[in-house]
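Worksheet: one structure, shown below.
The values are calculated or read from the model by the stated rules, or taken from the named source; none is laboratory data. Note that the coordinates shown come from a computational prediction; the quantities given were computed from them, not determined experimentally. Quick reminder, even Gly has a Cβ in these numbers, built from the backbone with ideal geometry, and neighbours come from all protein chains shown. Calculation scope for accessible area: heavy atoms of the full protein, side chains included, ligands and nucleic acids excluded. Shrake-Rupley method; radii C 1.70, N 1.55, O 1.52, S 1.80 Å.
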Amino acid sequence: MLVVYGAELRLVAMGLAGLAVLTQLWPHRLAPDPFWDALLKTVATSAAATAATYWLVKGWEPGKYLLVWYWTFYTASYLLKISIPPEMPLGPLNHPIKAYLYAIPSAITSMLIRLPKRGEEGSWLDTRQLWTASLLLTAAITVAHLAKADPTPLLYAVAAGLPLSMIAVGRRLAFNLSVAPLLAAAAVDTAGAQVHPLTHLFIFATGLAYFWAATEILSIEYRGHSIPIAVVMGKTAMFFAPIAIALAWHLTQTHIGHLDPLTEATFPALVFTTVLGITLTDTLKGRKIGGIVGAYRLADGLWLYYYMLHLYTTTVKAIGPLFGTITYAIIYGIVRLADYLTNPAQLST
C-alpha cells in the first residue's frame, strides 16, 4: 500500500510559492516609510502565493495558513538570511519572533482570499499539534544556537523528513517515510557518545518499559462499538521520559555500577536508543490495530519526542546533567506557555 498525503503537500506548495515571491519582492522598496513598506510586501507576498495556489490548495483552514506563513518567514530569515525588519538585539530569537509577527497579516490575507473555499474538505491534521511541533522545533534550533551547538543534523533531518512525510508505505501497518531521517538524525546525535554496550542495553530496556507503560491505544465510539485508531502518549509523559530514563541510569550506576557514568559526554547515548525504543513501541502496539507509524508526519509523537530530546541533550552538553535538566524544564515550560498563548487552532473553528 502506498499513501500520498495530497492536502498537506498542497499547503507546502503554498509556502514554497510564498518563499519564491518573497525572495524576489523583498529586495525592492514599495513605500518610503519602513512600516508601510514591510506591510505592503507582506500582503503582496501572501496575496500572490495564495492566488497562485488557490485551486491547488483545498479547504479553508485559517490556522494552517498561519503555520505556513510562520515557516515561510522563518525560513527566509533564518536560512536564506533575507533582511526582514525590524532589527532587534535578540540574537537567534529574532527569527521566530519576526516570523510570527509577519505570519499574522499574511494569514489574514490568505483567509480573505480563500473565503469562498469555506466548507471544502482540507487537511485532517490537527492544527494544535502542528503548532506545538513547530514551537518545539523552533526552540530546539534556537537553544542550539544559544549554546553554540551545531543544529545541522536536526535541520537535515527535517529537510529530508518533510518531503518523505508525504508518503507512507505498508499493508495493515504502514510506515510514514519520515521515520527514516528521524532515526538517522538520532544515530548521528548518539555517534559521539562512547559508552559500553551494556549501557546502551540498559537505556534501551528502561526506555522501552517507560514507553510501553506511558503509551495507550486511543479509541473512538462508533455505533456502540469501541474502535481503536492510534497509539498515543501525552506530552507531559513525553517530556518526563528522558529525565526518568537518565535518572534511572544515574541511580543504577551509582548504587549498582557496571554502567558508564552519566556526564555531558555520555548523555547523547540516550538519544538513538530511546528514539528507537519509542518507535518500536509505536510499531508493536500499532500492529494490533493497524494504521500508520508516524501518521502525523513531522508533528507525530515520535518527532515531538525527538525535538524535546534534542533540546534536553543540548542543555546537558552545555551545562551538565543537573543544570541542563533544570534548564530543559524551564525552556519546556516557556514553550508550553507560548503554545497556549499563540496556538492558531482556534482560527480554524
Nearest 10 degrees, 0 to 90: helix 197-214 Cα axis against the chain principal axis
60 degrees
In Hz, Karplus ³J(HN,Hα) per residue of the stretch 250-263 (6.51, -1.76, 1.60; θ = phi - 60°; x = Gly, Pro)
5, 5, 5, 5, 6, 9, 10, x, 6, 10, 5, x, 7, 9
In degrees, nearest 10, the alpha-carbon axis of helix 94-113 is tilted away from the dominant principal axis of the alpha carbons of the chain by 50 degrees
Restricting things to alpha carbons, tell me how big the stretch 248-349 is in terms of Rg and Dmax, in Å.
17.0, 55
Rounded to whole Hz, the Karplus (6.51, -1.76, 1.60) HN-Hα couplings of the stretch 283-297, x for glycine and proline
5, 5, 6, x, 4, 6, 10, x, x, 10, 6, x, 4, 8, 6
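Quantify, in whole percent, the carbon and sulfur part of the accessible surface of the stretch 48-205 (1.4 Å probe; protein heavy atoms only). Before the final figure, lay out each step's value.
Values: 4950 of 7110 Å².
Exposed carbon and sulfur together represent 70 percent of the surface.
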Listed residues ALA17, THR75, THR42: farthest to the positive end of the dipole of the stretch 1-118 (Cβ charges):
ALA17
Under the rule of -39500 (n - 2.57) per DSSP H run of 4 or more residues, summed and divided by the residues of the chain, what mean residue ellipticity at 222 nm is obtained, to the nearest 500 deg cm²/dmol?
-21000 deg cm²/dmol
Count the lysine pairs in the chain whose Cα atoms lie under 26 Å apart, taking only pairs 8 or more positions apart in sequence or on different chains.
17
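Ordering SER46, SER226 by how much accessible area each has at a 1.4 Å probe, largest first, what is the list?
Details: SER46 0, SER226 70 Å².
These residues rank, largest area first, as SER226, SER46.
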Given a Förster distance of 22 Å, the FRET efficiency implied by the Cβ-Cβ spacing of ILE326 and HIS145, rounded to the nearest 0.05, works out to 0.65
Under 5 Å between amide hydrogens, which residues at least 5 positions from SER219 or on another chain qualify, with H placed 1.01 Å from N in the peptide plane?
ILE229
On a C-alpha basis, how far is the centre of the stretch 68-97 from the centre of the stretch 292-349 in Å? Whole number, if you could?
20 Å
Of GLY170, GLY320, ALA184, which is farthest along the charge dipole of the chain in the positive direction, counting Lys and Arg as +1 and Asp and Glu as -1 at C-beta?
GLY170
Averaged per residue, the 1.4 Å probe accessible area of the stretch 256-349, protein heavy atoms only, in Å², is roughly 39 Å²
Rule-of-thumb check for the stretch 8-76: C-alpha Rg over 2.2 N^0.38 Å?
1.11
Please list the non-local residues whose amide H lies under 5 Å from the amide H of GLY291, H modeled 1.01 Å from N, same-chain partners needing a gap of 5 or more.
ALA174
With the contact rule set at Cα under 8 Å and sequence spacing of 6 or more, what percent relative contact order holds for the stretch 178-290?
42 percent
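Using the Cα gyration tensor of the chain, with a ≥ b ≥ c the square roots of its eigenvalues, what is the shape: rounded (a/c below 1.5), prolate (a/b larger than b/c) or oblate (neither)? If you can, show how the numbers build up before the last one.
Values: a/c = 2.32, a/b = 1.40, b/c = 1.66.
Oblate is the answer for the chain, as a/c is 1.5 or above yet b/c matches or exceeds a/b.
Quick one: if the Förster radius is 35 Å, what FRET efficiency do ALA187 and HIS255 give, using the C-beta to C-beta distance and rounding to 0.05? Provide the component values of the computation, followed by the final result.
Numbers: r = 30 Å, r/R0 = 0.87.
About 0.70, to the nearest 0.05.
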Please give the solvent-accessible surface of PHE272 in Å², to the nearest 10, using a probe radius of 1.4 Å with every protein chain present.
70 Å²
For the stretch 206-259 and the stretch 123-145, distance of Cα centres in Å
21 Å
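Normalised by the residues of the stretch 63-198, what does the relative contact order come to in percent, with Cα pairs under 8 Å and at least six apart?
Over the stretch 63-198, the number comes to 18 percent.
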Mean accessible area per residue over the stretch 90-143 (1.4 angstrom probe, all protein chains present, square angstrom) is 41 Å²
Residues meeting the amide H criterion for TYR296 (H placed from the backbone, H to H distance under 5 Å, 5 or more places apart or on another chain) are GLY301
